[in-house]
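Chemist: Have a look at the structure that comes next, please.
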Amino acid sequence: MTDEFLTKGLEEDRYVKALQLVDQFESEIEALLFEFDQRMVDQHPDLFDSSTDPNVKSQRSSSALAIHRLNHSMKGPLAPTEGKAYTMNVHLYWMPPTEYGRTDIDGALRAFGYKIKHADRSIDTRVAEQTRAGDWSVEMSGNPYDKNTVFYRHVSSAAEIEETADILVRHFSEFGDEYAMSPDA
């Protein structure tokens, strides 16, 4: 670190402006995730209890480069009642591409997507197989946080986030009812 670097940070409140920019970016991503979550819930409202509120988290110090995620408990009348309650996780994860097996990406993988935490692996496998068999422009991967499959797309712009949200909402509309079934169904 040099005196010049410190001086530049102090000039014209650059350091404070950078912090404000990060706060604004995180607030806008969180608002986008709330909207995405609600669109997903609207596809299968019976999987969710209307009295539960999703919780949001943005974090820059974890095994990921950065995390913006929202968790929404699935405790509606059609949600499975055995085992740990399922949780829908909608997110924008900034990950090293190797964590998702994406050697085609330079820099950070910006994985905008969803997963159903605590879902039985057989359900995730069934949904992944049906996704591969269909004409879905959705990537799938395991993830470093739990055993569940992530359904996502790498995004580079607000327009790509919007397009991806539309695709993933349709995906959950098509396959979300699988998470209401018993694993053996």
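The values are calculated or read from the model by the stated rules, or taken from the named source; none is laboratory data. Keep in mind it's a predicted model, so treat the numbers as computed, not measured. Backbone-built Cβ (ideal geometry, glycine too); neighbour counts: all protein chains shown. Ligands, DNA and RNA are excluded from the accessible area calculation, which covers all protein heavy atoms including side chains. Shrake-Rupley method; radii C 1.70, N 1.55, O 1.52, S 1.80 Å.
Chemist: With θ taken as phi - 60° and the coefficients 6.51, -1.76 and 1.60, list the Karplus ³J(HN,Hα) couplings across region 154-167 in order, rounded to whole Hz; mark glycine and proline as x.
Modeler: Ordered by residue, 3J(HN,Hα) equals 6, 10, 10, 7, 4, 4, 5, 5, 4, 4, 5, 4, 4, 5 Hz.
Chemist: Return the single residue from Asp106, Asp53, Asp42 with maximal mean-square fluctuation; model: Gaussian network over the chain, springs between Cα atoms under 10 Å.
Modeler: Judging by the Gaussian network model, the answer is Asp106.
Chemist: Give me the distance in nm between label points sitting 7 Å out from Cα along the Cα-to-Cβ direction at Gln43 and Ala133, one decimal.
Modeler: 1.8
Chemist: Long-range amide H contacts for Ala66: which residues qualify at under 5 Å (H placed 1.01 Å from N, peptide plane, sequence gap of 5 or more or a different chain)?
Modeler: Trp94
Chemist: Here's another thing I want to ask about it. So, for the chain, what is the accessible surface per residue at a probe of 1.4 Å, expressed in square angstrom?
Modeler: With all protein chains present, the chain gives 56 Å² per residue.
Chemist: Okay, next question. For Kirkwood radius over Cα pairs in Å, the choices are (1) 17.7; (2) 18.8; (3) 17.3; which was calculated from the structure?
Modeler: Computing Kirkwood radius over Cα pairs in Å and matching it to (1) 17.7; (2) 18.8; (3) 17.3 gives (1).
Chemist: Given the options Leu32, Leu19, Leu70, state which has the largest fluctuation in a GNM of the chain using a 10 Å cut-off (strictly under) for Cα springs.
Modeler: Taking springs between Cα atoms under 10 Å, the residue moving most is Leu19.
Chemist: Sorted by mean Cβ packing within 10 Å, highest first, what order do the peptides 127-135, 145-153 take?
Modeler: 145-153, 127-135
Chemist: What does the net charge come to around Ala159 if you take all other residues with beta carbon closer than 13 Å to its beta carbon, with K and R at +1 and D and E at -1?
Modeler: Values: positive: Arg153; negative: Glu160, Glu162, Glu163, Asp166.
So the surrounding residues net to -3.
Chemist: So how much accessible area does Ile167 have, in Å² to the nearest 10, using a 1.4 Å probe?
Modeler: Per-residue accessible area (Ile167): approximately 10 Å².
Chemist: Ranked by accessible surface with a 1.4 Å probe, highest first, in what order do Asp104, Asp177 come? It would help to have the intermediate numbers written out before the result.
Modeler: Details: Asp104 105, Asp177 70 Å².
So, going from the largest accessible area down, we get Asp104, Asp177.
Chemist: Turning to a different aspect of this structure: Of the accessible area of the chain, with the probe set at 1.4 angstrom, what percent is carbon plus sulfur?
Modeler: Of the solvent-accessible surface of the chain, carbon and sulfur hold 49 percent.
Chemist: Apply the Karplus parameterisation 6.51 cos²θ - 1.76 cosθ + 1.60, with θ equal to phi minus 60°, to every residue of region 94-110 and state each ³J(HN,Hα) to the nearest whole Hz, in sequence, with x for glycine and proline.
Modeler: 9, 10, x, x, 5, 5, 10, x, 10, 6, 7, 10, 8, x, 8, 6, 9
Chemist: Using the Kirkwood radius built from alpha carbon pairs, what does the Stokes-Einstein equation give as D for region 3-106 at 10 °C and 1.306 mPa s, in µm² per second? Provide the component values of the computation, followed by the final result.
Modeler: On the way: Rh = 16.5 Å.
Rounded to a whole number, D works out at 96 µm²/s.
Chemist: Right, next: At a 1.4 Å probe radius, which order do Lys17, Lys117 fall into by accessible area, largest first?
Modeler: Solvent-accessible surface, decreasing: Lys17, Lys117.
Chemist: What distance in nm separates the two pseudo spin-label positions at Thr2 and Tyr15, each 7 Å out from Cα along the beta-carbon direction?
Modeler: According to this spin-label approximation, the distance is 1.8 nm.
Chemist: Pick from Ala159, Ala18, Ala111: which residue has the top mean-square fluctuation in a GNM of the chain where Cα pairs under 10 Å get a spring?
Modeler: For the chain, modelled as a Gaussian network with Cα springs under 10 Å, the answer is Ala18.
Chemist: Note down the nm distance, to one decimal, between modelled labels 7 Å out along Cα→Cβ at Thr98 and at His118.
Modeler: Simple spin-label model gives 3.3 nm for this pair.
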